[in-house]
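The values are calculated or read from the model by the stated rules, or taken from the named source; none is laboratory data. It should be emphasised that the depicted structure is a prediction, and the values quoted were computed from it without experimental measurement. With ideal geometry, Cβ positions are generated from the backbone for all residues, glycine too; neighbour counts draw on all protein chains shown.
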Amino acid sequence: MNDLPGESSRAADPGRRERESEILGRVRAGDPEAFEYFVKTYQRKVFRLVYTLVRNAAEADALTQDIFVKAWRAVGDFKGEAAFETWLNRIAVNAVRDSVRRRKPVVSFADLAAAEEVEGTDLPRAAEPTDGTSPERDAQSRQIRRRIGEALEALSPRQRAIFVMKHYEERSIAEIGAATGIDDGTVKSHLFRAARKLRQKLEDLR
Amino acid sequence: MSGRHMTEEEIVNRVFPVDEGPAPIPMHQAVCPECQQRVTKLREAFLLDRGVVTGVIESLPGDFWAAQRRAILGRISELAAVEAEEKATPFPARFTRSILQRPALAFGSLAAALALVAGLTVLRGGTESGPAAGAATVAAVTASEPAGLSAADREDDELLRSVDSVLSSEASHEALLPEVMR
(Lines give C-alpha, C1' and ligand atoms only; values in the text may rest on other atoms or scores of the structure.)
Protein backbone atom coordinates (compact mmCIF):
# COMPACT_ATOMS: atom_id res chain seq x y z
CA MET A 1 0.00 0.00 0.00
CA ASN A 2 1.11 3.58 -0.53
CA ASP A 3 2.48 5.90 2.10
CA LEU A 4 0.18 8.00 4.13
CA PRO A 5 -0.18 11.42 2.58
CA GLY A 6 2.46 13.86 3.61
CA GLU A 7 5.10 11.50 4.85
CA SER A 8 8.45 13.08 4.48
CA SER A 9 10.87 11.95 1.82
CA ARG A 10 13.13 10.56 4.55
CA ALA A 11 10.28 8.43 5.89
CA ALA A 12 9.14 7.42 2.43
CA ASP A 13 12.60 6.43 1.18
CA PRO A 14 11.74 3.25 -0.74
CA GLY A 15 15.07 1.59 0.03
CA ARG A 16 14.56 2.13 3.71
CA ARG A 17 10.95 0.96 3.52
CA GLU A 18 12.03 -2.31 1.91
CA ARG A 19 14.87 -2.85 4.34
CA GLU A 20 12.64 -2.12 7.31
CA SER A 21 9.94 -4.38 5.96
CA GLU A 22 12.42 -7.24 5.77
CA ILE A 23 13.68 -6.57 9.32
CA LEU A 24 10.10 -6.36 10.61
CA GLY A 25 9.50 -9.79 9.12
CA ARG A 26 12.36 -11.13 11.24
CA VAL A 27 11.01 -9.41 14.35
CA ARG A 28 7.56 -10.89 13.75
CA ALA A 29 9.10 -14.31 13.21
CA GLY A 30 10.42 -14.17 16.77
CA ASP A 31 13.85 -12.60 16.45
CA PRO A 32 13.82 -9.84 19.08
CA GLU A 33 17.43 -8.89 18.32
CA ALA A 34 16.40 -7.72 14.86
CA PHE A 35 14.52 -4.93 16.60
CA GLU A 36 17.85 -3.34 17.54
CA TYR A 37 17.96 -1.79 14.07
CA PHE A 38 14.85 0.29 14.86
CA VAL A 39 16.15 1.31 18.28
CA LYS A 40 19.50 2.41 16.82
CA THR A 41 17.92 4.25 13.92
CA TYR A 42 15.18 6.12 15.78
CA GLN A 43 16.12 6.42 19.45
CA ARG A 44 17.57 9.94 19.10
CA LYS A 45 14.61 11.24 17.14
CA VAL A 46 12.13 9.75 19.57
CA PHE A 47 14.08 11.00 22.58
CA ARG A 48 14.33 14.49 21.09
CA LEU A 49 10.58 14.69 20.48
CA VAL A 50 9.77 13.36 23.95
CA TYR A 51 12.34 15.56 25.66
CA THR A 52 11.04 18.68 23.92
CA LEU A 53 7.58 17.81 25.19
CA VAL A 54 8.37 16.84 28.78
CA ARG A 55 11.60 18.83 29.35
CA ASN A 56 12.97 16.33 31.78
CA ALA A 57 15.78 14.07 30.63
CA ALA A 58 15.10 11.21 33.04
CA GLU A 59 11.40 11.19 32.21
CA ALA A 60 12.18 11.42 28.49
CA ASP A 61 14.56 8.47 28.84
CA ALA A 62 11.95 6.33 30.61
CA LEU A 63 9.26 7.27 28.11
CA THR A 64 11.55 6.56 25.14
CA GLN A 65 12.18 3.08 26.52
CA ASP A 66 8.45 2.51 27.00
CA ILE A 67 7.71 3.70 23.47
CA PHE A 68 10.11 1.19 21.91
CA VAL A 69 8.82 -1.64 24.08
CA LYS A 70 5.25 -0.73 23.09
CA ALA A 71 6.29 -0.65 19.44
CA TRP A 72 7.87 -4.08 19.75
CA ARG A 73 4.74 -5.51 21.38
CA ALA A 74 2.49 -3.98 18.72
CA VAL A 75 4.67 -4.82 15.76
CA GLY A 76 2.21 -7.54 14.73
CA ASP A 77 -0.43 -4.83 14.26
CA PHE A 78 1.81 -2.69 12.06
CA LYS A 79 0.52 -3.20 8.55
CA GLY A 80 3.18 -1.20 6.75
CA GLU A 81 0.65 1.29 5.38
CA ALA A 82 2.72 4.12 6.86
CA ALA A 83 6.46 4.30 7.27
CA PHE A 84 7.74 2.74 10.48
CA GLU A 85 8.92 6.16 11.65
CA THR A 86 5.45 7.67 11.23
CA TRP A 87 3.94 4.79 13.16
CA LEU A 88 6.58 5.13 15.88
CA ASN A 89 5.92 8.88 16.13
CA ARG A 90 2.27 8.19 16.69
CA ILE A 91 3.09 5.79 19.52
CA ALA A 92 5.42 8.44 20.97
CA VAL A 93 2.85 11.23 20.83
CA ASN A 94 0.22 9.02 22.46
CA ALA A 95 2.64 7.84 25.15
CA VAL A 96 3.60 11.41 26.06
CA ARG A 97 -0.03 12.52 26.05
CA ASP A 98 -1.02 9.63 28.35
CA SER A 99 1.92 10.33 30.62
CA VAL A 100 1.07 14.03 30.88
CA ARG A 101 -2.56 13.21 31.62
CA ARG A 102 -1.76 10.51 34.16
CA ARG A 103 0.51 12.45 36.39
CA LYS A 104 2.26 15.71 36.95
CA PRO A 105 5.84 15.66 35.69
CA VAL A 106 8.48 14.68 38.22
CA VAL A 107 9.99 18.12 37.77
CA SER A 108 7.90 21.04 36.65
CA PHE A 109 7.98 21.51 32.92
CA ALA A 110 8.70 25.16 33.48
CA ASP A 111 11.58 24.60 35.84
CA LEU A 112 14.01 24.29 32.99
CA ALA A 113 17.18 25.46 34.63
CA ALA A 114 17.42 22.63 37.14
CA ALA A 115 15.57 19.93 35.26
CA GLU A 116 18.33 18.47 33.18
CA GLU A 117 20.67 17.32 35.93
CA VAL A 118 19.06 14.28 37.47
CA GLU A 119 20.58 12.51 40.40
CA GLY A 120 21.38 8.89 39.80
CA THR A 121 21.58 9.13 36.04
CA ASP A 122 24.43 9.76 33.67
CA LEU A 123 22.60 12.61 32.07
CA PRO A 124 24.55 15.83 31.73
CA ARG A 125 23.35 19.26 32.68
CA ALA A 126 21.70 21.00 29.79
CA ALA A 127 23.85 23.28 27.76
CA GLU A 128 22.79 26.65 29.06
CA PRO A 129 23.32 29.14 26.27
CA THR A 130 25.08 32.31 27.19
CA ASP A 131 26.22 34.97 24.85
CA GLY A 132 28.88 36.08 27.33
CA THR A 133 27.93 39.72 27.08
CA SER A 134 26.74 40.09 30.67
CA PRO A 135 25.29 38.18 33.61
CA GLU A 136 22.16 40.32 33.29
CA ARG A 137 21.65 39.20 29.73
CA ASP A 138 22.15 35.54 30.74
CA ALA A 139 19.62 35.94 33.52
CA GLN A 140 17.19 37.45 31.05
CA SER A 141 17.70 34.49 28.71
CA ARG A 142 16.92 32.04 31.51
CA GLN A 143 13.85 34.05 32.39
CA ILE A 144 12.62 33.97 28.79
CA ARG A 145 13.14 30.22 28.57
CA ARG A 146 11.26 29.67 31.79
CA ARG A 147 8.42 31.77 30.45
CA ILE A 148 8.32 29.74 27.24
CA GLY A 149 8.30 26.56 29.30
CA GLU A 150 5.33 27.84 31.30
CA ALA A 151 3.54 28.88 28.15
CA LEU A 152 4.03 25.48 26.53
CA GLU A 153 2.90 23.78 29.71
CA ALA A 154 -0.35 25.70 29.51
CA LEU A 155 -1.19 24.10 26.15
CA SER A 156 -3.18 20.89 25.97
CA PRO A 157 -0.98 17.79 25.43
CA ARG A 158 -2.16 17.52 21.82
CA GLN A 159 -1.60 21.18 21.05
CA ARG A 160 1.81 21.04 22.66
CA ALA A 161 2.79 17.99 20.60
CA ILE A 162 1.62 19.60 17.39
CA PHE A 163 3.35 22.90 18.16
CA VAL A 164 6.61 21.21 19.12
CA MET A 165 6.63 18.98 16.04
CA LYS A 166 6.09 21.98 13.78
CA HIS A 167 8.36 24.59 15.28
CA TYR A 168 10.98 22.60 17.18
CA GLU A 169 11.18 19.51 14.99
CA GLU A 170 10.36 21.34 11.76
CA ARG A 171 8.05 18.62 10.53
CA SER A 172 5.55 19.19 7.77
CA ILE A 173 1.84 19.62 8.43
CA ALA A 174 1.17 16.30 6.76
CA GLU A 175 3.77 14.50 8.88
CA ILE A 176 2.22 15.96 12.00
CA GLY A 177 -1.20 14.89 10.79
CA ALA A 178 0.05 11.34 10.24
CA ALA A 179 1.68 11.25 13.68
CA THR A 180 -1.35 12.59 15.52
CA GLY A 181 -4.08 11.01 13.41
CA ILE A 182 -5.79 14.28 12.52
CA ASP A 183 -6.30 16.04 9.20
CA ASP A 184 -4.20 18.92 7.92
CA GLY A 185 -6.87 21.55 8.53
CA THR A 186 -7.21 20.56 12.18
CA VAL A 187 -3.43 20.53 12.58
CA LYS A 188 -3.30 24.11 11.27
CA SER A 189 -6.12 25.16 13.54
CA HIS A 190 -4.28 23.68 16.57
CA LEU A 191 -1.07 25.38 15.49
CA PHE A 192 -2.73 28.74 15.20
CA ARG A 193 -4.44 28.46 18.57
CA ALA A 194 -1.27 27.21 20.26
CA ALA A 195 0.78 30.09 18.86
CA ARG A 196 -1.83 32.60 19.96
CA LYS A 197 -1.91 31.16 23.49
CA LEU A 198 1.86 31.27 23.59
CA ARG A 199 1.88 34.88 22.49
CA GLN A 200 -0.68 35.76 25.16
CA LYS A 201 1.51 34.17 27.82
CA LEU A 202 4.56 36.04 26.55
CA GLU A 203 2.71 39.30 26.15
CA ASP A 204 5.07 41.33 28.31
CA LEU A 205 8.16 40.28 26.39
CA ARG A 206 7.53 43.02 23.89
CA MET B 1 5.63 54.87 7.77
CA SER B 2 3.04 52.72 6.05
CA GLY B 3 -0.20 51.75 7.81
CA ARG B 4 -1.00 50.65 11.35
CA HIS B 5 1.15 48.64 13.80
CA MET B 6 1.05 44.87 13.56
CA THR B 7 -1.64 43.12 15.57
CA GLU B 8 -0.86 40.33 18.05
CA GLU B 9 -2.04 37.73 15.56
CA GLU B 10 0.17 39.12 12.84
CA ILE B 11 3.17 38.95 15.14
CA VAL B 12 2.34 35.36 16.10
CA ASN B 13 1.94 34.40 12.45
CA ARG B 14 5.22 36.02 11.64
CA VAL B 15 7.17 34.03 14.24
CA PHE B 16 5.12 30.83 14.19
CA PRO B 17 3.78 30.57 10.65
CA VAL B 18 1.12 27.91 10.23
CA ASP B 19 1.76 27.42 6.54
CA GLU B 20 4.97 26.03 5.20
CA GLY B 21 7.49 28.16 3.38
CA PRO B 22 8.65 31.71 4.08
CA ALA B 23 5.95 34.24 4.75
CA PRO B 24 6.18 37.62 3.06
CA ILE B 25 7.38 40.45 5.32
CA PRO B 26 4.62 43.00 5.80
CA MET B 27 5.53 46.41 4.48
CA HIS B 28 4.83 48.00 7.83
CA GLN B 29 7.22 45.71 9.71
CA ALA B 30 9.97 46.52 7.26
CA VAL B 31 9.87 50.15 8.23
CA CYS B 32 8.54 50.20 11.82
CA PRO B 33 11.27 49.70 14.50
CA GLU B 34 8.67 49.07 17.20
CA CYS B 35 6.99 46.20 15.33
CA GLN B 36 10.39 44.84 14.30
CA GLN B 37 11.40 44.74 17.95
CA ARG B 38 8.22 42.91 18.99
CA VAL B 39 8.71 40.27 16.34
CA THR B 40 12.40 39.92 17.11
CA LYS B 41 11.86 39.51 20.85
CA LEU B 42 9.41 36.67 20.39
CA ARG B 43 11.53 34.99 17.74
CA GLU B 44 14.70 35.25 19.85
CA ALA B 45 12.95 33.75 22.84
CA PHE B 46 11.72 30.82 20.79
CA LEU B 47 15.05 30.24 19.01
CA LEU B 48 16.86 30.39 22.32
CA ASP B 49 14.62 27.71 23.76
CA ARG B 50 14.90 25.52 20.66
CA GLY B 51 18.67 25.91 20.75
CA VAL B 52 18.78 24.72 24.34
CA VAL B 53 16.77 21.62 23.48
CA THR B 54 19.15 20.84 20.64
CA GLY B 55 22.07 21.51 22.97
CA VAL B 56 20.77 19.01 25.51
CA ILE B 57 20.35 16.28 22.92
CA GLU B 58 23.74 16.90 21.34
CA SER B 59 25.51 17.00 24.67
CA LEU B 60 24.32 13.53 25.64
CA PRO B 61 27.30 11.17 25.46
CA GLY B 62 27.43 7.99 23.42
CA ASP B 63 27.27 6.01 26.67
CA PHE B 64 23.83 7.40 27.34
CA TRP B 65 22.47 6.16 24.01
CA ALA B 66 24.18 2.80 24.43
CA ALA B 67 22.72 2.40 27.93
CA GLN B 68 19.26 3.33 26.68
CA ARG B 69 19.55 0.77 23.87
CA ARG B 70 20.66 -1.93 26.29
CA ALA B 71 17.74 -1.15 28.59
CA ILE B 72 15.20 -1.31 25.75
CA LEU B 73 16.60 -4.50 24.23
CA GLY B 74 16.92 -6.07 27.67
CA ARG B 75 13.24 -5.46 28.40
CA ILE B 76 12.29 -6.80 24.98
CA SER B 77 14.41 -9.93 25.43
CA GLU B 78 12.79 -10.60 28.80
CA LEU B 79 9.31 -10.19 27.35
CA ALA B 80 10.18 -12.38 24.38
CA ALA B 81 11.49 -15.09 26.73
CA VAL B 82 8.30 -15.00 28.81
CA GLU B 83 6.14 -15.19 25.68
CA ALA B 84 8.18 -18.07 24.28
CA GLU B 85 7.90 -19.95 27.58
CA GLU B 86 4.14 -19.43 27.68
CA LYS B 87 3.78 -20.71 24.14
CA ALA B 88 5.89 -23.78 24.95
CA THR B 89 4.04 -24.61 28.18
CA PRO B 90 0.88 -26.74 27.72
CA PHE B 91 -2.35 -25.30 29.09
CA PRO B 92 -2.86 -27.42 32.26
CA ALA B 93 0.73 -26.82 33.39
CA ARG B 94 0.38 -23.11 32.72
CA PHE B 95 -2.84 -23.03 34.72
CA THR B 96 -1.36 -24.96 37.64
CA ARG B 97 1.73 -22.77 37.63
CA SER B 98 -0.33 -19.61 37.66
CA ILE B 99 -2.25 -20.92 40.69
CA LEU B 100 0.97 -21.83 42.48
CA GLN B 101 2.50 -18.48 41.72
CA ARG B 102 -0.51 -16.51 42.91
CA PRO B 103 -2.36 -18.55 45.54
CA ALA B 104 -4.18 -15.53 46.97
CA LEU B 105 -5.54 -14.66 43.54
CA ALA B 106 -6.52 -18.27 42.88
CA PHE B 107 -8.39 -18.64 46.19
CA GLY B 108 -9.97 -15.26 45.74
CA SER B 109 -11.23 -16.26 42.32
CA LEU B 110 -12.56 -19.56 43.68
CA ALA B 111 -14.39 -17.78 46.51
CA ALA B 112 -15.87 -15.29 44.05
CA ALA B 113 -17.02 -18.13 41.78
CA LEU B 114 -18.67 -19.97 44.71
CA ALA B 115 -20.39 -16.78 45.83
CA LEU B 116 -21.68 -16.29 42.30
CA VAL B 117 -23.03 -19.85 42.11
CA ALA B 118 -24.70 -19.48 45.52
CA GLY B 119 -26.23 -16.20 44.51
CA LEU B 120 -27.57 -17.63 41.27
CA THR B 121 -28.99 -20.65 43.08
CA VAL B 122 -30.88 -18.45 45.54
CA LEU B 123 -32.08 -16.26 42.73
CA ARG B 124 -33.29 -19.19 40.66
CA GLY B 125 -35.01 -20.73 43.67
CA GLY B 126 -36.97 -17.50 44.06
CA THR B 127 -38.02 -17.28 40.45
CA GLU B 128 -39.03 -20.97 40.29
CA SER B 129 -41.73 -20.37 42.95
CA GLY B 130 -43.50 -18.21 40.38
CA PRO B 131 -44.33 -20.91 37.80
CA ALA B 132 -45.25 -23.43 40.55
CA ALA B 133 -47.79 -21.04 42.00
CA GLY B 134 -49.04 -20.38 38.49
CA ALA B 135 -49.55 -24.07 37.85
CA ALA B 136 -51.52 -24.42 41.08
CA THR B 137 -53.74 -21.55 40.02
CA VAL B 138 -54.41 -23.18 36.62
CA ALA B 139 -55.25 -26.49 38.32
CA ALA B 140 -57.69 -24.75 40.64
CA VAL B 141 -59.37 -22.99 37.73
CA THR B 142 -59.61 -26.27 35.78
CA ALA B 143 -61.23 -28.02 38.73
CA SER B 144 -63.80 -25.33 39.17
CA GLU B 145 -64.56 -25.06 35.45
CA PRO B 146 -67.61 -27.31 35.30
CA ALA B 147 -69.47 -24.97 37.59
CA GLY B 148 -68.91 -22.01 35.29
CA LEU B 149 -69.63 -23.75 31.94
CA SER B 150 -72.44 -22.64 29.67
CA ALA B 151 -75.09 -25.09 28.36
CA ALA B 152 -73.46 -25.12 24.91
CA ASP B 153 -70.07 -25.99 26.45
CA ARG B 154 -71.64 -28.79 28.40
CA GLU B 155 -73.22 -30.22 25.23
CA ASP B 156 -69.84 -30.09 23.50
CA ASP B 157 -68.25 -31.93 26.42
CA GLU B 158 -70.93 -34.62 26.29
CA LEU B 159 -70.40 -35.05 22.54
CA LEU B 160 -66.65 -35.43 23.06
CA ARG B 161 -67.18 -37.95 25.86
CA SER B 162 -69.52 -40.01 23.69
CA VAL B 163 -67.01 -40.01 20.82
CA ASP B 164 -64.38 -41.15 23.33
CA SER B 165 -66.57 -43.98 24.53
CA VAL B 166 -67.31 -45.08 20.92
CA LEU B 167 -63.61 -45.11 20.10
CA SER B 168 -62.76 -47.05 23.25
CA SER B 169 -65.43 -49.70 22.46
CA GLU B 170 -64.35 -49.93 18.79
CA ALA B 171 -62.63 -53.26 19.34
CA SER B 172 -65.96 -54.87 20.38
CA HIS B 173 -67.73 -53.53 17.29
CA GLU B 174 -64.99 -54.78 15.00
CA ALA B 175 -66.57 -58.18 14.95
CA LEU B 176 -69.67 -56.68 13.30
CA LEU B 177 -67.70 -55.35 10.31
CA PRO B 178 -67.56 -57.36 7.06
CA GLU B 179 -64.46 -59.47 6.79
CA VAL B 180 -62.90 -57.45 3.95
CA MET B 181 -63.03 -54.29 6.09
CA ARG B 182 -61.36 -55.72 9.14
The residue that is farthest from the other protein chains (Cβ to nearest Cβ), considering only those in the range B:57-81 that are within 36 Å of the chain's Cα centre (by Cα) and among the hydrophobic types (A, V, I, L, M, F, W, C), is B:A81
When restricted to B:A84, B:A88, the only residue loosely packed, with under 10 Cβ neighbours inside 10 Å, modelled with pLDDT of 75 or more and more than 28 Å from the chain's Cα centre (by Cα) is B:A88
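Residue-by-condition table, conditions (1) free of Cβ contacts under 8 Å to residues at least 40 places away in the same chain; (2) more than 14 Å from every other protein chain (Cβ to nearest Cβ):
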{"residue": "A:R55", "(1), (2)": "no, no"}
{"residue": "A:L63", "(1), (2)": "yes, no"}
{"residue": "A:V75", "(1), (2)": "no, no"}
{"residue": "A:K79", "(1), (2)": "no, yes"}
*Any residue at all in the range A:136-150 that is within 24 Å of B:G55 (Cα to Cα), of a type outside the set (F, W, Y) and assigned to a loop (DSSP other than H, G, I, E, B)?*
no
For the range B:19-48, the count of residues that are over 27 Å from A:R142 (Cα atoms) and modelled with pLDDT of 85 or more equals 1
Of the residues in the range A:137-174 that are among the β-branched types (V, I, T) and at the interface with chain B (Cβ under 10 Å from one of its Cβ atoms), the one that is farthest from A:T52 (Cα to Cα) is A:I173
For this session: Return yes or no: is B:R124 part of a helix (DSSP H, G or I), modelled with pLDDT under 70 and not polar (S, T, N, Q)?
Result: no
Residue hits (the range B:10-56; part of a loop (DSSP other than H, G, I, E, B), more than 8 Å from chain A (Cβ to nearest Cβ) and exposed (fewer than 14 other Cβ atoms within 10 Å of the Cβ)) are B:G21, B:P22, B:A23, B:P24, B:I25
A:F192 fails exactly one of (1) out of contact with any Pro (no Cβ under 8 Å at 6 or more places or on another chain); (2) in a helix (DSSP H, G or I); (3) more than 9 Å from every other protein chain (Cβ to nearest Cβ), namely (3)
